[in-house]
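Q: Structure below; questions to follow.
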Amino acid sequence: MSCYITSGVQNDSCGTSVGGIKKVFIVGGGEITGFTYDSKDQITGMTSSSTGTTLYEFELKRGVNSLAQTITKSYENGTLYFEQVLNIVLYKMAADKRNQILLLAVNDFLQIIAEDGNGIQYFLGKVNGMTLSGTANTGTALADRNGFELTFTGQEPEMADLISGKLADVFDGLIA
């Protein structure tokens, strides 16, 4: 692999981009192990190691969810990795949410698809998986948030792959 760049980047001066994460899908019942890619290295197809693998959608409210990918390079050690941090908020504590969060918390290898406000889909935790930390908070004042603040963290050898196409087509029947 060459270490030299192969093109420049255009400036999007139209101001048509928006921030935030609008939905996430968490892989359950197995892991995604096979991938097909298009000419831009975007995922166009996926297969699983298990017949029970399913994508579970978590609906989110806008304005409180985010994804950050931090580049960490050590020149001295010759290493490079990308820390992926996905923050989501689930409103109103309830037993069904609590039970799913408990299952996510004990899992050491979560794979997640996050869709941003521009419709771009990111595949997180592809190689090493992600883990969950967070808080459950009732709030204090009447107008305070009651719910869960969840942080999924992973360290990967590359930035998250982008997914090209509708998830129903890419995952071919794996969405719950």
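The values are calculated or read from the model by the stated rules, or taken from the named source; none is laboratory data. A quick note: this is a predicted structure, and the numbers were derived from the prediction, not measured. For neighbour counting, all protein chains shown are included, and Cβ atoms are generated from backbone atoms with ideal geometry for every residue, glycine included.
Rundown of residues vs (1) surrounded by 11 or more Cβ atoms within 10 Å (Cβ to Cβ); (2) closer than 23 Å to residue 126 by Cα; (3) modelled with pLDDT of 95 or more; (4) of a type in the set (A, V, I, L, M), yes/no style:
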residue: 14; (1), (2), (3), (4): no, no, no, no
residue: 27; (1), (2), (3), (4): yes, yes, no, yes
residue: 56; (1), (2), (3), (4): yes, yes, no, no
residue: 101; (1), (2), (3), (4): yes, yes, yes, yes
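Q: Further question: Which strands (runs of 3 or more DSSP E) sit wholly inside region 104-175 and have at least 3 residues that are within 20 Å of residue 62 (Cβ to Cβ) and over 13 Å from the mean Cα position of the chain (by Cα)? So that I can check it myself, show each step before the final result.
A: Values: elements: 112-116, 121-124, 131-137, 147-156, 161-163.
Hits in region 104-175: 147-156.
Q: Pull up region 29-54, narrow it to residues that are of a type in the set (D, E, K, R) and exposed (fewer than 15 other Cβ atoms within 10 Å of the Cβ), then point me to the one that is nearest to residue 109 (Cα to Cα).
A: Restricting attention to region 29-54, the residues satisfying the condition of being of a type in the set (D, E, K, R) are 31, 38, 40-41.
Subsequent filtering for residues that are exposed (fewer than 15 other Cβ atoms within 10 Å of the Cβ) retains 38, 40-41.
Details: 38: 26, 40: 27, 41: 23 Å.
The qualifying residue nearest to residue 109 (Cα to Cα) is 41.
Q: Let me ask you something else. Which condition from (1) touching a residue at least 40 places away in the same chain (Cβ under 8 Å); (2) over 28 Å from residue 90 (Cβ atoms) is the one that residue 65 breaks?
A: Result: residue 65 passes all but (2).
Q: How many residues are at pLDDT below 95 and either surrounded by 15 or more Cβ atoms within 10 Å (Cβ to Cβ) or outside any loop (DSSP other than H, G, I, E, B) (or both) when one looks only at region 59-72?
A: Selection size over region 59-72: 1.
Q: I need every pair where a residue in region 97-115 that is under 22 Å from residue 171 (Cα atoms) has its Cβ under 8 Å from the Cβ of a residue that is assigned to a helix (DSSP H, G or I), sequence separation at least 6 or different chains.
A: Going by the 8 Å Cβ cut-off, the qualifying pairs are 110/104; 113/167.
Q: If residue 50 passes every condition in (1) part of a strand (DSSP E or B); (2) in contact with an Asp or Glu (Cβ under 9 Å, 6 or more places away or on another chain); (3) at pLDDT below 90 but one, which one does it miss?
A: (1)
Q: Keeping to region 16-25, report how many residues are surrounded by 12 or more Cβ atoms within 10 Å (Cβ to Cβ) and either of a type in the set (Gly, Ala, Ser) or free of Cβ contacts under 8 Å to residues at least 24 places away in the same chain (or both).
A: Residues that pass the stated criteria total 2.
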